[in-house]
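S.K.: Quick one: structure below, then a few questions.
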Amino acid sequence: MMSRNMLGSSSRLMRQCRCNASTLNSKAAPATVSVVQTEMPDCDFQPPQYKGPSYDNIKELRKNHLTPNMTAYYKKPLLMHSGHMQWLFDHDGNRYLDMFGGIVTVSVGHCHPKVNKALEEQIKTLWHTTNIYMHPKIHEYAQRLTAKFPGDLKAVYFVNSGSEANDLAMLMARLHTGNQDILTLRNCYHGMSPYTMGLTAHSTWRFPLPGVANSIHHVMNPDPYLGIWGGSKCRDSPVQTDRTCDCNSETGCKAADLYYNELEQTFKYSLPRGRVAAMFAESIQGVGGTVQFPKGYIKKAAELVRANGGVFISDEVQTGFGRTGDHFWGFEGHGIVPDIVTMAKGIGNGFPMAAVVTTPKIAQSLGMALHFNTYGGNPMAGAVGIAVLDVIEEEQLQKNSLEVGTYFLKKLAELRDKYEIIGDVRGKGLMIGVELVSDRTTKAPLGVPHVLEIWETCKDMGVLFGRGGLNGNVMCLKPSLCVQKIDVDFTIQVLESIFANHYLKKPRDWRKHEHK
């Protein structure tokens with residue numbers, strides 16, 4: 001079992017790595033100083049013995065019976081068997097620190113005992129009736145969930161996934177306003193249903209099908225790091241870009257104003273005057289690489305949309321439930337109250353559930369025809385949702401996200417200052433992205449082979465993270481909110497060892513490698 005000594009041959013190689021910190025930003029090959037490697041933090045949980053099909057049998061079953069688009073992470077995919085809080089265990093009992101949280105989904109910890117107990121008690125009582133009958137859990141949970149929202153956001157409709165939630169939000173917006181045109185930001189991700197695929201502005205997630213666009217307009221993404229405008233004072237984050245910026249607290253964010261002017265051009269030239277249905281925005285772009293917007297942009301965009309007859313929809317699928325630390329919902333950091341909010345992932349700690357919260361007036365639009373979701377808000381989902389809220393409050397996980405996340409961001413910023421391979425560090429709370437580059441000046445993405453090598457080695461050393469961004473070169477570090485500073489320290493030591501060793505092996509090659 002991977003515990004204190006689980007790091008194996010890759011770790012031994014990293015422990016032997018030598019580099020000179022004073023030369024890490026230069027083009028010369030580094031000299032030598034030791035890179036300290038910490039041991040994996042202790043965990044007293046013992047996973048049950050794996051008794052399922054063999055690894056090879058699982059691979060064969062996957063090949064023969066699952067659709068080929070279901071690709072697995074890593075050259076030798078992991079066969080996960082058990083989870084406990086921030087830890088995952090494979091079929092051989094090896095332990096991994098999960099710094100991706102099941103794609104930002106395991107909010108309070110794998111198999112959290114309180115959530116487990118709530119689900120166990122519910123399945124002994126009632127699994128399912130649909131909402132054609134009243135049952136207590138959906139009502140209890142609706143009251144608890146809507147109490148977390150400001151203003152008149154008091155009506156909730158339960159579904160099963162983020163794509164379903166955004167799909168329903170589109171329907172509500174169009175029915176309520178009587179308008180058709182919807183705006184989203186380039187680089188956004190809002191789902192993969194045929195309806196929401198049009199919202200998503202990534203070529204890698206778009207199938208060549210007719211009608212996908214469906215009166216959807218993608219506007220310029222206000223990205224302070226890769227965008228036309230932005231700099232060191234634009235993001236609401238403990239860590240800023242290294243671009244110069246003359247914004248200040250008195251004049252506001254100039255980049256936000258410039259991006260807003262570009263948004264206005266779309267309204268002037270591409271939309272029917274005063275006839276907009278909605279604008280969607282993630283509070284921080286998730287799949288797009290943890291991209292944050294200039295301060296003030298979202299608030300001004302929401303005002304413009306409403307002035308043109310539309311509603312503003314906040315996608316909180318990744319940023320909700322305390323993940324950003326300073327607020328329970330990401331939109332609160334932008335100083336707005338949306339008209340519709342969508343959520344999924346962390347809402348159920350891995351249980352398949354999602355929701356749309358809106359005002360009673362907008363919710364009435366669904367009364368124009370019959371609308372029904374068989375599983376949405378079933379008794380099991382309600383029990384899990386209540387338990388997740390309880391754990392976030394009782395264990396002060398939002399506060400932990402702020403404190404541990406800020407600590408993590410600052411530690412990563414120190415790595416950025418030492419290694420040119422890190423172009424940017426960004427995020428809030430435990431919603432963190434690290435952009436890997438081949439050239440810090442041009443911001444050219446690090447080549448795929450090198451990103452994959454870092455990714456694989458990190459896994460071999462016991463830390464799992466995701467990849468995001470259009471070019472797949474952004475490390476996504478979004479663990480369960482229960483993660484501790486000792487886990488951050490271990491992750492930082494692993495990353496530093498990998499970056500230092502990578503620099504030693506390829507002092508020039510990784511700079512020249514073009515993205516493929």
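S.K.: So, in segment 240-253, of the ones that are surrounded by fewer than 19 Cβ atoms within 10 Å (Cβ to Cβ) and within 20 Å of Lys418 (Cα to Cα), which residue ends up farthest from the chain's Cα centre (by Cα)? Spell out the reasoning first.
M.R.: Step one: filter segment 240-253 for residues surrounded by fewer than 19 Cβ atoms within 10 Å (Cβ to Cβ), giving 242-244, 246, 248-252.
The next check asks that each one be within 20 Å of Lys418 (Cα to Cα); those that pass are 242-244.
Numbers: Asp242: 23, Arg243: 24, Thr244: 27 Å.
Looking at the filtered set, the residue picked out is Thr244.
S.K.: Sticking with this one: Sort out which residues of segment 254-291 are under 30 Å from Arg416 (Cα atoms) and either of a type in the set (Val, Ile, Thr) or in contact (Cβ under 8 Å) with a residue 60 or more places away in the chain (or both), and write them in order of number.
M.R.: Residues satisfying the conditions are Ala281, Glu282, Ile284, Gln285, Gly286, Val287, Gly288, Gly289, Thr290, Val291.
S.K.: Please find, among Leu271, Leu263, Leu258, the residue that is among the aliphatic types (A, V, I, L, M), open to solvent by 10 Å² or more (accessible area, probe 1.4 Å) and assigned to a helix (DSSP H, G or I). Full working, then the answer.
M.R.: Details: Leu271 fails: assigned to a helix (DSSP H, G or I); Leu263 fails: open to solvent by 10 Å² or more (accessible area, probe 1.4 Å).
Just a single option satisfies the conditions, and that option is Leu258.
S.K.: Determine whether Ser203 is open to solvent by 10 Å² or more (accessible area, probe 1.4 Å), hydroxyl-bearing (Ser, Thr, Tyr) and over 22 Å from Gly385 (Cβ atoms). Write out each step before concluding.
M.R.: Numbers: open to solvent by 10 Å² or more (accessible area, probe 1.4 Å): yes; hydroxyl-bearing (Ser, Thr, Tyr): yes; over 22 Å from Gly385 (Cβ atoms): yes.
Criteria met by Ser203.
S.K.: A follow-up question, please. For segment 204-243, name all the residues that are polar (S, T, N, Q), under 19 Å from Leu183 (Cα atoms) and in contact with a Lys or Arg (Cβ under 7 Å, 6 or more places away or on another chain).
M.R.: Result: Asn221, single match.
S.K.: To continue, here is another question. Across segment 385-425, what is the total count of residues that are closer than 14 Å to Asn349 by Cβ, open to solvent by less than 50 Å² (accessible area, probe 1.4 Å) and not small (Gly, Ala, Ser)?
M.R.: 7
S.K.: Would you be able to say whether some residue in segment 361-378 is part of a helix (DSSP H, G or I), open to solvent by 20 Å² or more (accessible area, probe 1.4 Å) and closer than 30 Å to Gly429 by Cα? Let's see the steps before the verdict.
M.R.: Keep residues of segment 361-378 that are part of a helix (DSSP H, G or I), which gives 361-368.
Then keep just the ones that are open to solvent by 20 Å² or more (accessible area, probe 1.4 Å); that gives 361, 363-364, 366-368.
Still in the running and closer than 30 Å to Gly429 by Cα: none.
Looking for residues that are part of a helix (DSSP H, G or I), open to solvent by 20 Å² or more (accessible area, probe 1.4 Å) and closer than 30 Å to Gly429 by Cα, one finds none in segment 361-378, hence no.
S.K.: Filter segment 25-77 down to residues that are open to solvent by less than 50 Å² (accessible area, probe 1.4 Å) and either touching a Gly at 6+ places or on another chain (Cβ under 6 Å) or modelled with pLDDT of 90 or more (or both), then give me how many there are.
M.R.: Residues meeting the conditions: 8.
Table: residues versus (1) among the hydroxyl-bearing types (Ser, Thr, Tyr); (2) open to solvent by 20 Å² or more (accessible area, probe 1.4 Å); (3) part of a helix (DSSP H, G or I); (4) within 24 Å of Leu370 (Cα to Cα).
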| position | (1), (2), (3), (4) |
| --- | --- |
| Val108 | no, no, no, no |
| Val115 | no, no, yes, no |
| Leu119 | no, yes, yes, no |
| Thr129 | yes, yes, no, yes |
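S.K.: Right, next: Could you tell me how many of the residues in segment 390-436 are in contact with a Leu (Cβ under 9 Å, 6 or more places away or on another chain) and outside any helix (DSSP H, G or I)?
M.R.: 19
S.K.: Here is a follow-up. Six or more apart or on different chains, Cβ atoms under 9 Å: show the pairs whose first residue is in segment 170-182 and under 9 Å from Val311 (Cα atoms) and of a type in the set (A, V, I, L, M, F, W, C) and whose second is open to solvent by 20 Å² or more (accessible area, probe 1.4 Å) and modelled with pLDDT under 95.
M.R.: Short answer, once both residue conditions are applied: none.
S.K.: Still on this model: Would you point out which residue out of Met2, Met85, Met6 is modelled with pLDDT of 95 or more, open to solvent by less than 40 Å² (accessible area, probe 1.4 Å), hydrophobic (A, V, I, L, M, F, W, C) and touching a strand residue (DSSP E or B) at 6+ places or on another chain (Cβ under 8 Å)? I'd like the intermediate steps shown before the answer.
M.R.: Working: Met2 fails: modelled with pLDDT of 95 or more; Met6 fails: modelled with pLDDT of 95 or more.
Criteria check complete, one pass: Met85.
S.K.: Here's another thing I want to ask about it. Identify, from the list Gly335, Gly346, Gly310, Gly320, the residue that is buried (at least 24 other Cβ atoms within 10 Å of the Cβ) and without any contact (Cβ under 8 Å) to a residue 60 or more places away in the chain. Talk me through it step by step, then tell me what you get.
M.R.: Details: Gly335 fails: buried (at least 24 other Cβ atoms within 10 Å of the Cβ); Gly346 fails: without any contact (Cβ under 8 Å) to a residue 60 or more places away in the chain; Gly310 fails: without any contact (Cβ under 8 Å) to a residue 60 or more places away in the chain.
That would be Gly320, the only listed residue that is buried (at least 24 other Cβ atoms within 10 Å of the Cβ) and without any contact (Cβ under 8 Å) to a residue 60 or more places away in the chain.
The values are calculated or read from the model by the stated rules, or taken from the named source; none is laboratory data. Owing to the predicted nature of the structure, the values given are computational and were not obtained by experimental measurement. Reconstructed Cβ throughout: ideal geometry from the backbone, glycine too, with neighbour counts over all protein chains shown. Ligands, DNA and RNA are stripped out before the accessible areas are found, and what is left, the full protein with its side chains, is counted by its heavy atoms. Shrake-Rupley method; radii C 1.70, N 1.55, O 1.52, S 1.80 Å.
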